[in-house]
Amino acid sequence: MDGTAKYGKGNYFPEGLDFQFVATGKIVDKNGKSRVKGEVTITCPNCEVKNRYEI
């Protein structure tokens, strides 16, 4: 995943955090191509705040 994010109380990390990915489904477009739908959970190493993103 590219980009930066704010975690907890002002902790910014531009890259390099571990994350967990969980597949939650499959998306099929009108041409029959499929891709995975899922959730990514990232935990701030400084304050243990968890952020969840749908991708």
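Here are the numbers for this structure:
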{"item": "Any chance E54 is modelled with pLDDT of 80 or more, surrounded by 11 or more Cβ atoms within 10 Å (Cβ to Cβ) and among the acidic types (D, E)", "result": "no"}
{"item": "Answer residue from region 1-21, given it is touching a Phe, Trp or Tyr at 6+ places or on another chain (Cβ under 8 Å) and open to solvent by 80 Å² or more (accessible area, probe 1.4 Å) and is modelled with the lowest pLDDT among those", "result": "M1"}
{"item": "When residues of region 22-48 are limited to those that are polar (S, T, N, Q) and in contact with a strand residue (DSSP E or B) (Cβ under 7 Å, 6 or more places away or on another chain), the one least open to solvent (accessible area, probe 1.4 Å)", "result": "T41"}
{"item": "Qualifying positions in region 29-55 - assigned to a strand (DSSP E or B) and either within 17 Å of P14 (Cβ to Cβ) or touching a helix residue (DSSP H, G or I) at 6+ places or on another chain (Cβ under 7 Å) (or both)", "result": "V40, I42, T43, N51, Y53"}
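The values are calculated or read from the model by the stated rules, or taken from the named source; none is laboratory data. In this text, all values refer to a predicted model and were calculated from it rather than measured experimentally. So basically every Cβ, Gly included, is an ideal-geometry build from the backbone, and we count neighbours across all protein chains shown. In case anyone asks, the SASA skips ligands and DNA or RNA and just uses the protein heavy atoms, side chains included. Shrake-Rupley method; radii C 1.70, N 1.55, O 1.52, S 1.80 Å.
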